[in-house]
Amino acid sequence: MRTRVQWTAAMAMVGMLALAACTDAVPQTPDGSAAPVPAASAVADLDCGDGQELAKTLSSGATWSMCWSVDPAFGLVLSDVHIAPPGGKPISVISSVTISQLEVPYDTGDRLTSDITESGFGGTKMKTLEKESCIGDRLAADIPDAGDGTYGKTRTREVLCSEVVDGGLAYHSSELVAPAVARTTDWQLSTVSRVGWYEYVTQYVFGADGSIGVRLGATGDLSPFDYADEDHGSAVGEGDHDHAASHSHNAVWRVHWALGGEKGMAVEQYDASPTGESGPQSPVVEGTITPLPNPATAEWIDRRWWRVLAPGVLNGDGHPISYQIDLERSDSFTFVEDHSHGEDAGYDVAFTNAQDCQLYATRNAVLGCGDGVNDFVQRGSRESLDDVVSWVAIGFHHVPRDEDQSPMEMHWQGFTLLPRDLTAQRFDVPEGHEELNGVPGDEWLDKNGYGG
């Protein structure tokens with residue numbers, strides 16, 4: 001088991017790729033035309049160390065720029081993530097983001113793996129990409145090919161897939177005076193790692209709207225050694241004899257924020273609840289915002305979300321810039337490793353202050369630093385949240401089906417980081433909609449047939 005991993009200890013790279021090479025040789029838009037090349041002023045002044053630079057301008061005109069590297073344990077690490085609004089300067093968003101643990105307990109109770117700390121997603125576990133697995137650019141890194149990827153002969157392998165894809169409908173407005181419709185693009189960055197019988201796709205989807213989709217895909221094969229009875233698995237194959245054991249994929253990501261800079265951030269929880277009263281046409285629902293001033297764990301319920309904000313950095317409307325954590329669909333879980341912490345050990349999101357030794361959600365084998373997220377929260381409970389790390393837990397309970405053999409269809413779990421008040425209006429305001437910022441004026445209402 002590893003006792004220390006530093007971000008800068010991700011394998012040495014072959015040197016910095018030229019920025020143009022990292023932005024795809026021939027970038028494409030959804031209609032097949034050439035995509036814009038990132039303007040020099042829109043790309044952040046990055047300090048990638050042993051990593052490599054990436055930048056991409058998407059359909060809205062916004063430009064993402066960041067560093068990427070491969071760590072023996074975490075696999076793909078993205079760092080120094082910035083976004084520049086069209087015509088604007090880069091805004092710092094994230095210091096680093098990576099998966100911090102993947103626990104796979106089988107329902108039979110006979111098997112448990114902690115794949116990040118036991119096997120890792122980098123080194124020999126990270127797969128070289130073929131053209132069939134990546135229709136975009138395949139980018140290379142220097143990766144040792146022995147043991148856990150911290151030593152051995154180093155080979156340059158194409159492991160990162162960079163693809164610009166059609167993201168669907170961006171907006172549709174039927175305003176009478178200025179109707180508008182457009183499609184959007186997404187920038188997908190993906191790697192593939194094989195652990196045991198599973199092959200995992202680590203994927204980050206950067207949207208033209210400033211959103212960040214964080215995804216873990218699973219494919220490969222069902223374990224040939226894990227079959228059970230009908231109470232602990234599901235029948236696959238002919239008849240009702242072979243029951244592939246059900247199991248969970250319990251994943252936690254570590255998001256170290258740098259919103260507006262590395263410190264000076266805060267955390268808030270939003271809840272909306274029915275008041276029990278009714279208005280003329282519908283029940284009254286009241287929304288409340290609760291500051292989370294100290295490290296804490298939190299659980300999701302209906303109409304609840306969290307945001308990390310920079311109170312001292314305001315958008316053009318005078319609102320603090322922030323990102324909202326949207327958990328989407330998830331099977332909540334409590335890590336097997338955390339059951340010793342008691343009945344309240346489970347969490348969907350946790351918030352701590354960044355510390356170099358707090359890297360793994362569980363099995364964080366660093367003396368004096370804590371075994372995992374619950375320890376991190378307890379030890380820092382009296383601190384003021386300032387240099388914020390979000391630990392986001394997303395579970396998937398896999399009940400095998402016939403279609404999983406073989407190989408199994410890709411199934412996904414993840415969450416989205418959604419910009420909230422990052423800018424005063426959307427990045428790509430269509431012509432005729434510039435004045436729609438706040439309550440529409442009488443002139444606009446009259447033009448569109450809403451006036452008196």
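The values are calculated or read from the model by the stated rules, or taken from the named source; none is laboratory data. Predicted model only: the values in this text are computed from it and were never measured. Cβ: placed from backbone, ideal geometry, glycine included. Neighbour counts: every protein chain shown. Each accessible area value is taken on the protein alone, full model and side chains, heavy atoms only, with ligands, DNA and RNA left out. Shrake-Rupley method; radii C 1.70, N 1.55, O 1.52, S 1.80 Å.
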Are any residues in the stretch 168-187 at pLDDT 90 or above and either out of contact with any Gly (no Cβ under 6 Å at 6 or more places or on another chain) or surrounded by fewer than 16 Cβ atoms within 10 Å (Cβ to Cβ) (or both), and if so, which ones? Arg183, Trp187
Does Val159 satisfy the criteria of being touching a strand residue (DSSP E or B) at 6+ places or on another chain (Cβ under 6 Å), open to solvent by less than 30 Å² (accessible area, probe 1.4 Å), touching a residue at least 60 places away in the same chain (Cβ under 8 Å) and more than 20 Å from Cys67 (Cβ to Cβ)? no
Which of the residues that make up the stretch 375-392 are open to solvent by less than 10 Å² (accessible area, probe 1.4 Å) and at pLDDT 95 or above? Phe376, Val388, Val389, Ser390, Trp391, Val392
Among strands (runs of 3 or more DSSP E) entirely within the stretch 133-223, at least 2 residues that are touching a Leu at 6+ places or on another chain (Cβ under 6 Å) occur in 137-146, 151-173, 180-195, 198-207
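With respect to Asp71, determine if the residue is among the charged types (D, E, K, R), crowded, with 23+ Cβ neighbours inside 10 Å and closer than 24 Å to Asp356 by Cβ. Working first, answer last.
Numbers: among the charged types (D, E, K, R): yes; crowded, with 23+ Cβ neighbours inside 10 Å: yes; closer than 24 Å to Asp356 by Cβ: yes.
So Asp71 fits the description; yes.
Where residues in the stretch 79-120 are among the small types (Gly, Ala, Ser) and surrounded by fewer than 18 Cβ atoms within 10 Å (Cβ to Cβ), which of them is nearest to the chain's Cα centre (by Cα)? Reasoning before the result, please.
We begin by selecting, within the stretch 79-120, every residue among the small types (Gly, Ala, Ser); these are 79, 84, 87-88, 92, 95-96, 100, 109, 114, 119-120.
Filter once more, so that each one left must be surrounded by fewer than 18 Cβ atoms within 10 Å (Cβ to Cβ): 87-88, 109.
Details: Gly87: 26, Gly88: 24, Gly109: 30 Å.
So, considering only residues that are among the small types (Gly, Ala, Ser) and surrounded by fewer than 18 Cβ atoms within 10 Å (Cβ to Cβ), the one nearest to the chain's Cα centre (by Cα) is Gly88.
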Matching residues, the stretch 349-371, being out of contact with any helix residue (DSSP H, G or I) (no Cβ under 6 Å at 6 or more places or on another chain) and either open to solvent by less than 10 Å² (accessible area, probe 1.4 Å) or modelled with pLDDT under 65 (or both): Val349, Phe351, Leu359, Asn364, Cys369
For Val104, indicate whether it is modelled with pLDDT of 95 or more and either of a type in the set (A, V, I, L, M, F, W, C) or assigned to a strand (DSSP E or B) (or both). no
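Mind listing whichever residues of the stretch 54-82 are more than 18 Å from Gln203 (Cα to Cα) and of a type in the set (Val, Ile, Thr)? Steps first, please.
At the first step, the residues of the stretch 54-82 found to be more than 18 Å from Gln203 (Cα to Cα) are 57, 59-63.
Matches in the stretch 54-82: Thr57, Thr63.
Of the residues Ser390, Ser384, Ser406, only one is polar (S, T, N, Q), more than 21 Å from the chain's Cα centre (by Cα) and within 28 Å of Arg307 (Cβ to Cβ); which? Break it down stepwise before answering.
On the way: Ser390 fails: more than 21 Å from the chain's Cα centre (by Cα); Ser406 fails: within 28 Å of Arg307 (Cβ to Cβ).
The match here is Ser384.
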Please verify whether Ser133 is open to solvent by 30 Å² or more (accessible area, probe 1.4 Å), of a type in the set (Ser, Thr, Tyr), free of Cβ contacts under 8 Å to residues at least 60 places away in the same chain and within 28 Å of Ala55 (Cβ to Cβ), treating the condition exactly as stated. yes
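Assess whether Phe427 counts as being in contact with an Asp or Glu (Cβ under 9 Å, 6 or more places away or on another chain), closer than 25 Å to Val93 by Cβ and part of a loop (DSSP other than H, G, I, E, B). Before the answer, list the steps.
On the way: in contact with an Asp or Glu (Cβ under 9 Å, 6 or more places away or on another chain): yes; closer than 25 Å to Val93 by Cβ: yes; part of a loop (DSSP other than H, G, I, E, B): yes.
Against the criterion (in contact with an Asp or Glu (Cβ under 9 Å, 6 or more places away or on another chain), closer than 25 Å to Val93 by Cβ and part of a loop (DSSP other than H, G, I, E, B)), Phe427 qualifies.
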Residue count for the stretch 226-269, restricted to those that are touching a residue at least 40 places away in the same chain (Cβ under 8 Å) and under 23 Å from Ile212 (Cβ atoms): 20
